[in-house]
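Since the structure comes first, as structure tokens, the remarks are kept for the end.
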Amino acid sequence: MPKKELGEILREADLVSETQLAEALALQRTYGERLASILVRQRILTEKFAVTYLGRQLGVPSVDLSKQEIDIGLLEVIPLELCERHLIFPVKVEGTRLQLAMSDPMDHVLVSEIEFKTGVRLAPMIALESSIKNAIVEARRALKAGRKTIAPNVQRPRESEAPAASSHAPTAAAPSPPRPVPPAPLAPLEERERAIFETLAGAPLLTTPPPAPAARVPAVEEVQTILVVDDDENILKLIQTILQTRRYKVLTAKAGREALAKVREAMPDLVILDGMLPEVHGFEICRQLKTSERFRHIPVIMVSAVHTGWRFAADVKEKYGADDYVEKPFDPADLLRRVEVLMNRAPAVPADSEAAARQHLKEGVIALKQDRLDDAVAAFKRGLAIDQFNDMLHYYLAMTYEKKDMVFHAIDHYEKAIQNNPDFYDAITSLANLYQRQEFWRKAVEMWELALAATKDESVRARIKDHLLSLL
């Protein structure tokens, strides 16, 4: 049964009127904020209810920033510029982890990137977008005023508001729209909100995050996953249909970068790979898989209509490490037979390969921070020998080569980091600056255009646009 939307739950509980909900939805379309943030700023919901509901829906811990006094010394660990770019804010250290308020705590790539950059273990928590923005504004004010703590609060009473008044328009500085808003009956509202929590997930609201659910044992047909890569939609559908007759789970990709991303994310049991692909050549993808300790166990069947003959098939197996080679057009029964032979003999993935790659990354970052550049290069290379698709390893290796004035080595690894993660903003801008310093103007423009697409921060986008105009 699909989960109900927040607006629907609130209407059924009579926590908002039709008019209030319609107006909040209109503001959501205008400003692009989450409905919860708008309802809190409208004084219709309490922040505690909004973030706890969102945490329940996402299955992650929540943090009510309106109840927090935050030490802005934490911004030495998570810089304010990073907070603005990604809508995050450090809250406090709890045990060995730093609690991090996030508008999207499910962005695991961002969490890993920040952990690697800072060397700090994070505990991601969902918070209201509006609260995080308030925290950033308050932090800037505190830094200017020399204060050491802040207390962000979306629902802080306005100075122009008399406590006993029935309605007041917001002041000009207030973030909510200019309309009369009656003060919310906070005590009764919290009681009604608590009743809604009792029914949201069939269990009472907990003061601590619920334990993670037990791992589900997948069904047999889900265990074996095959990634099919081809830029021809008809071929993709044909192979997908063939494989699904044997109850394989089939993933598809039409281009090289998409294929690389899905290999990293899904760790398929087998890859059927067309030789001629956009962006990254199919044979090159095969070579990268087969020279990577983390992925070399995955069987690869190369498919091609251009390169034919047993001699070429033998060369592909020898040079690129392909496990089998099929010419187009192929016989469906023959393709299935080859798949099943490889599935039955595929070795298990090394259990500690990912952990080993992360350890080498950590060692390299420490060496880089201590200016032991040769040690850093060696550590990052050890990591890439395990996992050639690790964008962070490529990024930090490129950074190290750049410090060693090995410009073209740096360019190569920045390019690979972006190839593996096309939205890797820091790698893109680092490469753009490097191209610019080497006076490769066209490549610099290309990278700045890519950076423009990779960021959603409008102030950053404006600066990039101005910079592009200066280069053109």
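What's the total number of residues in segment 293-328 that are part of a loop (DSSP other than H, G, I, E, B) and modelled with pLDDT under 80?
Initial filter on segment 293-328 (part of a loop (DSSP other than H, G, I, E, B)): 293-299, 305-309, 321-323, 328.
From what's left, modelled with pLDDT under 80: 293-294, 305-309.
Selection size over segment 293-328: 7.
Take residues that are under 15 Å from Ala357 (Cβ atoms) and either at pLDDT 85 or above or in the same structural domain as Ala259 (by TED's automatic domain parsing) (or both) and tell me which of the helices (runs of 4 or more DSSP H) falling wholly in segment 379-463 contain 1 or more. Give the steps one after another, and end with the answer.
On the way: elements: 391-403, 407-420, 425-437, 441-454.
Helices (runs of 4 or more DSSP H) meeting the threshold: 391-403, 407-420.
Which one of these does Leu368 not meet: (1) outside the structural domain of Ile272 (by TED's automatic domain parsing); (2) at pLDDT 85 or above; (3) in a loop (DSSP other than H, G, I, E, B)? Status for Leu368: all satisfied but (3).
Figure legend. Inter-residue proximity from segment 231-246: first residues over 12 Å from Asp274 (Cβ atoms), second residues at pLDDT 90 or above and not in a helix (DSSP H, G or I), beta-carbon distance below 7 Å, spacing 6+ or different chains. Indicated pairs: Gln240/Val228; Gln240/Val250; Gln240/Thr252; Leu243/Ile226; Leu243/Val250; Gln244/Val250. Filtering segment 27-86 to residues that are at pLDDT below 80, aliphatic (A, V, I, L, M), farther than 23 Å from Ser112 by Cβ and part of a helix (DSSP H, G or I) leaves Leu27, Leu35, Ala36, Ile38, Leu39, Val40, Ala50, Val51.
Quick check on my filter: what residues within segment 391-405 are over 18 Å from Glu113 (Cβ atoms) and either surrounded by fewer than 16 Cβ atoms within 10 Å (Cβ to Cβ) or among the hydroxyl-bearing types (Ser, Thr, Tyr) (or both)?
Our first condition is that a residue be over 18 Å from Glu113 (Cβ atoms); within segment 391-405, this holds for 401-405.
If the condition is that a residue be over 18 Å from Glu113 (Cβ atoms) and either surrounded by fewer than 16 Cβ atoms within 10 Å (Cβ to Cβ) or among the hydroxyl-bearing types (Ser, Thr, Tyr) (or both), then Tyr401, Lys403, Lys404, Asp405 are the ones that fit.
Do you know which residues across segment 254-289 are in a loop (DSSP other than H, G, I, E, B) and touching a helix residue (DSSP H, G or I) at 6+ places or on another chain (Cβ under 9 Å)?
Passing the criteria: Lys254, Pro268, Asp269, Gly275, Met276, Leu277, Pro278, Glu279, Val280, His281.
The values are calculated or read from the model by the stated rules, or taken from the named source; none is laboratory data. Predicted model, so just to flag it, every value in this text is computed and none were measured. Counting neighbours? That spans all protein chains shown, and the Cβs are built from the backbone with ideal geometry, glycine included.
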